[in-house]
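The values are calculated or read from the model by the stated rules, or taken from the named source; none is laboratory data. This one's a predicted model, so the numbers in the text were calculated from it and none came from an experiment. Cβ coordinates were reconstructed from backbone atoms using ideal geometry, including for glycine residues, and neighbour counts include every protein chain displayed.
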């Protein structure tokens, strides 16, 4: 199924609506995806749907803001719409945002049913002048996760996942990783259908999802790894296996004597006794040194037992820490 010309014209109308929008960052309500809707999102969506109606294209529109809307009681296509991907960029005058559209049969139910797509950027990316090195876009903010990129790889976070996937498809970016558990079908339907790129979906708990497991509902959430080829996707996924505080744990938690768990436990007892003694003397410098020794040994044990101790601390005491 090709992207109808009427849909392309509707996407262009949505971009124009953003440019004309007054008070674009003003929040007007909560969208069907459960997140705040800005005035610019609302204006873009309204312009898109109105154009389809004016063009007499019977469509079932599944949108981030309004949910499911019919332009006719007998739709001929399904349109999976993110009226503006990168809303915060647009609101701040940063020209890195787009309209993202996936196209499917009228009875489409899942991401696997989306047959074609369109990504219309506010500013068209330029052809890369170099392919040296690699550039990955990574989203971990709002989570306790971090990543260690492969050697020679640069990390970016550009604020518009649909547009970044489009840029993988045309060669500006090499890979993308989003482990926030916040992506929606409307974010990815357009670029994943428009481009032949490699990707893997997981639910917020890390369980792998097939595209047929992802319903076309604006409030369904998942993680995504994507890349321009299978080899690069493996590098993105390898980076994902290193996310989290385990990176710090591994760095701190290697005992120079190579003790097993029982030896480490005995050593921890000795260090705890020395910490108690330092506390008794009131020597702040000694207390700091003994706390460091106890912490390092605790992480040694966590490594030996393959336990993600620091992440467990954050999960258990995260509210107090924040």
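Can you say whether residue 244 is on the phi > 0 side of the Ramachandran plot, modelled with pLDDT under 85 and under 24 Å from the mean Cα position of the chain (by Cα), as far as the supplied structure shows? Walk me through how you get there before you give the answer.
Values: on the phi > 0 side of the Ramachandran plot: yes; modelled with pLDDT under 85: yes; under 24 Å from the mean Cα position of the chain (by Cα): yes.
The answer is yes for residue 244.
Which of (1) touching a helix residue (DSSP H, G or I) at 6+ places or on another chain (Cβ under 7 Å); (2) at pLDDT 95 or above does residue 218 not meet, given it meets every other one?
Status for residue 218: all satisfied but (2).
Answer yes or no as to whether residue 34 is over 25 Å from residue 113 (Cα atoms), under 28 Å from the mean Cα position of the chain (by Cα) and not in a helix (DSSP H, G or I).
Working: over 25 Å from residue 113 (Cα atoms): no; under 28 Å from the mean Cα position of the chain (by Cα): yes; not in a helix (DSSP H, G or I): yes.
It is false that residue 34 is over 25 Å from residue 113 (Cα atoms), under 28 Å from the mean Cα position of the chain (by Cα) and not in a helix (DSSP H, G or I).
Tally up the residues in region 34-70 that are in contact (Cβ under 8 Å) with a residue 60 or more places away in the chain and farther than 17 Å from residue 98 by Cβ, please.
Residues meeting the conditions: 3.
Six or more apart or on different chains, Cβ under 9 Å: which pairs go from a residue in region 287-306 that's not assigned by TED's automatic domain parsing to the domain that holds residue 266 and loosely packed, with under 15 Cβ neighbours inside 10 Å to one that's at pLDDT below 85 and in a loop (DSSP other than H, G, I, E, B)? Could you list them?
No pair meets every condition.
Looking at region 191-207, which of its residues are within 20 Å of residue 169 (Cα to Cα) and assigned to a strand (DSSP E or B)?
198, 199, 200, 201
In region 216-231, how many residues are over 14 Å from the mean Cα position of the chain (by Cα), within 27 Å of residue 170 (Cα to Cα) and touching a residue at least 24 places away in the same chain (Cβ under 8 Å)? Spell out how you get there, then give the answer.
Looking only at region 216-231, we keep the residues that are over 14 Å from the mean Cα position of the chain (by Cα), and these are 216-219, 228-231.
Going one step further and asking which of them are within 27 Å of residue 170 (Cα to Cα), we end up with 216, 218, 228-231.
Restricting the remaining residues to those that are touching a residue at least 24 places away in the same chain (Cβ under 8 Å) gives 216, 218, 228-230.
Result for region 216-231: 5.
Taking the conditions exactly as written (under 19 Å from residue 18 (Cα atoms) and modelled with pLDDT under 95), does residue 64 satisfy them or not? Explain how you work it out, then say what you get.
On the way: under 19 Å from residue 18 (Cα atoms): yes; modelled with pLDDT under 95: yes.
Judged against the criteria, residue 64 is a match.
Surrounded by fewer than 15 Cβ atoms within 10 Å (Cβ to Cβ) and in contact (Cβ under 8 Å) with a residue 40 or more places away in the chain, is that true of residue 73?
Numbers: surrounded by fewer than 15 Cβ atoms within 10 Å (Cβ to Cβ): yes; in contact (Cβ under 8 Å) with a residue 40 or more places away in the chain: no.
No.
What's the number of the only condition in (1) buried (at least 20 other Cβ atoms within 10 Å of the Cβ); (2) without any contact (Cβ under 8 Å) to a residue 40 or more places away in the chain; (3) out of contact with any strand residue (DSSP E or B) (no Cβ under 7 Å at 6 or more places or on another chain) that residue 167 fails to meet?
Exception for residue 167: condition (2).
Return the only residue of 147, 138 being touching a helix residue (DSSP H, G or I) at 6+ places or on another chain (Cβ under 6 Å) and not assigned by TED's automatic domain parsing to the domain that holds residue 19.
147
Could you list all residues from region 112-139 that are out of contact with any strand residue (DSSP E or B) (no Cβ under 6 Å at 6 or more places or on another chain) and part of a loop (DSSP other than H, G, I, E, B)? Give the steps one after another, and end with the answer.
Step one: filter region 112-139 for residues out of contact with any strand residue (DSSP E or B) (no Cβ under 6 Å at 6 or more places or on another chain), giving 112, 122-133.
Scanning region 112-139 gives 122, 123, 124, 125, 126, 127, 128, 129, 130, 131, 132, 133.
Here is a list of conditions, (1) more than 28 Å from residue 182 (Cβ to Cβ); (2) in contact with a strand residue (DSSP E or B) (Cβ under 7 Å, 6 or more places away or on another chain); (3) at pLDDT below 95, and residue 73 meets all of them except one; can you say which number that is?
(2) is the only condition that residue 73 fails.
So, residue 80, is that one at pLDDT 95 or above, farther than 23 Å from residue 167 by Cα and buried (at least 22 other Cβ atoms within 10 Å of the Cβ) or not?
The answer is no for residue 80.
Across region 91-109, what is the number of residues that are farther than 22 Å from residue 17 by Cβ and either touching a strand residue (DSSP E or B) at 6+ places or on another chain (Cβ under 6 Å) or surrounded by 19 or more Cβ atoms within 10 Å (Cβ to Cβ) (or both)? Can you show your working first?
To start, the set of residues in region 91-109 that are farther than 22 Å from residue 17 by Cβ comprises 104-109.
So of that shortlist, the ones also either touching a strand residue (DSSP E or B) at 6+ places or on another chain (Cβ under 6 Å) or surrounded by 19 or more Cβ atoms within 10 Å (Cβ to Cβ) (or both) come out as 104, 106, 108.
The qualifying residues number 3.
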